Amino acid sequence: LGLRGVKLHPDMQNFKIDDYRYLKMYELCEGRLPMLIHMGDARSDFSHPKRLRAVMEIYDGLTVIAAHFGGYTMWEEASHILAGMPNLYTDCSSSFFAMDVAAGRALIDAYGADRVLFGTDYPMWDPQHELARLRGMHLAPETERKILYDNAAALFGLEGEN
């Protein structure tokens, strides 16, 4: 079908990431398509980072982009649970508005600049403002380029496409 990935929003779709009834979906995507999954917040248990970790420990070939730094509004807790997981990327969308520069840099460091993506999930805020916040972190140019382009290009096989 020409798909480059699959998006899940457990909070909106009303399912727990680690519910056994959804395991076949992960099996079908493992090694084939990356999954972007809405992650967190403290108001819902459907998308808690511990649930994603449990799934990724079963399907160690599954590539996941954990949106909103792995757990919207629970960023630090999420990074402790998810950072370092093989095949895990994170997205910084809809997050910078609620944190200072030091917190944003700490999350990028926790996951690693090679594992952070910009703009893969629906931004609740103006993308230009989110971009300005990222640029306001004064990251090294190569780090910023990884987050804005290189990581996604490699993950989605877009290298060489313009």
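Numerical summary
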quantity: Residue check, Leu148 out of contact with any helix residue (DSSP H, G or I) (no Cβ under 7 Å at 6 or more places or on another chain), without any contact (Cβ under 8 Å) to a residue 60 or more places away in the chain, part of a helix (DSSP H, G or I) and surrounded by 15 or more Cβ atoms within 10 Å (Cβ to Cβ); calculated: yes
quantity: Subset tally (residues that are of a type in the set (Lys, Arg) and surrounded by fewer than 17 Cβ atoms within 10 Å (Cβ to Cβ)) for the range 88-126; calculated: 1
quantity: Residue within the range 45-58 that is within 22 Å of Ile147 (Cα to Cα), over 11 Å from the mean Cα position of the chain (by Cα) and of a type in the set (Val, Ile, Thr) present; calculated: no
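None of the figures in this text is laboratory data; all of them are computed from the coordinates on show. On a predicted model such as this, the values are computed, not experimentally measured, just so you know. Heads up, the Cβs are rebuilt from the backbone with ideal geometry, glycines too, and the neighbour counts pull from every protein chain shown.
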